[in-house]
Structure formats: C-alpha cells, structure tokens
Amino acid sequence: MIPLRCPKKSSLCTDDFMHYVGLSGISPHKLKELEHETIKTIEVRSTHNFLSALETDVGDVIFLTSTSLGDVRPGTTGVIAKILEKQIAMHRVIQRKEMFYEEAEVQMARLQLELKGHARVRRVECSALGEATVVEADELQFFEGR
C-alpha cells in the first residue's frame, strides 16, 4: 500500500549513507549511456519522476534506477548523478482525427546529469502518491583485484 504523505525530509547526509531524491523506471539504455558518456541529458515525463525532479536543484545528487517505483526496495541498485542543469517545460500535443481534435498539455523536466557512481538502496524513505521519491542509499565502491 502506498502511503499518502511522507515524513518531513531530514538532512541529506547521515553517517555512511546518503538520502537521495530518486527517479525510477529509467530506461536501462539511458543509464548505460550515462555510464559511458559521464554527462547525459534526460527528459522526465512520468508523473512520479516529474514530482521528484521538481524537488531537486542544480548541484543536487540524485539516485536513478531502471527498477519500477513499486519494486524499489532495499538492495535495489542504480546510479547516482549530479544535476548540472535543470529545465521545466510544457509541451502541447494536438491529435486530429477527421473532424475531432484532441489537445493535451504535458509538463516535463529536462535534467543534465553527471555520473558520480553506483549505489544500493538501504531504505525507501518516501514513495507516497504525489510526493517526491526519497531513498537512503550506500555508494558502492568497486575495487580492481589483481
């Protein structure tokens, strides 16, 4: 069951782990592009991710995963990235079928991200309807064995 409200946000850094605004259900292809190119711009259109993006500022570090929102839980892995640029825009979409017109406006966020590393979710702090997704996560350290 999804809670309707989340507790107030606490400080971002606590001991060994960090609190991140999370974006879920991101295309694995886009995450791989971010890993290879280090800097990548993504467009956020899904409602739950758009609400999370609204809570961020340039300079914030966020958590991104290909896992869908309902499946994000302790152990979920993803990447962490710093927001270099943020734009909020509205797109108007018009569809026409013979004499019928349908018009819709869609808000989206464009985030330019710089890869910082990989992380694993320790705890989901907030995934409430209408709220930003917030996770507690540990940054993963990779060591090369010889």
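Computed quantities for the displayed model
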quantity: Virtual spin-label span in nm between LEU140 and ARG73, 7 Å along Cα→Cβ; calculated: 1.9 nm
quantity: Spin-label zone in the range 101-118 - amide nitrogen under 11 Å from a point set 7 Å from the Cα of ARG92 along the C-beta vector; calculated: 103-105
quantity: Pairs of lysines in the range 17-133 (C-alpha under 25 Å apart; 8 or more residues apart or interchain); calculated: 13
quantity: Square roots of five times the Cα gyration tensor eigenvalues for the range 32-115, Å; calculated: 29, 16, 12
quantity: FRET efficiency, ASP60 to THR38 (Cβ-Cβ, R0 22 Å, nearest 0.05); calculated: 0.80
quantity: Most mobile listed residue (GLN107, GLN87, GLN95) in the chain, GNM with C-alpha springs under 10 Å; calculated: GLN95
quantity: Listed residues GLU131, GLU102, GLU55, most fluctuating in the chain (Gaussian network, C-alpha, under 10 Å); calculated: GLU102
quantity: The chain: most fluctuating residue of ILE80, ILE39, ILE62 per GNM, C-alpha cutoff 10 Å; calculated: ILE39
quantity: Separation in nanometres of the label points that stand 7 Å from Cα toward Cβ, at LEU84 and GLU114; calculated: 0.7 nm
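Values in this text are rule-based calculations from the coordinates and carry no lab data. Just so you know, these numbers come straight off a predicted model, no measurement behind them. Virtual Cβ from ideal backbone geometry, glycine too; neighbours counted across all protein chains shown.
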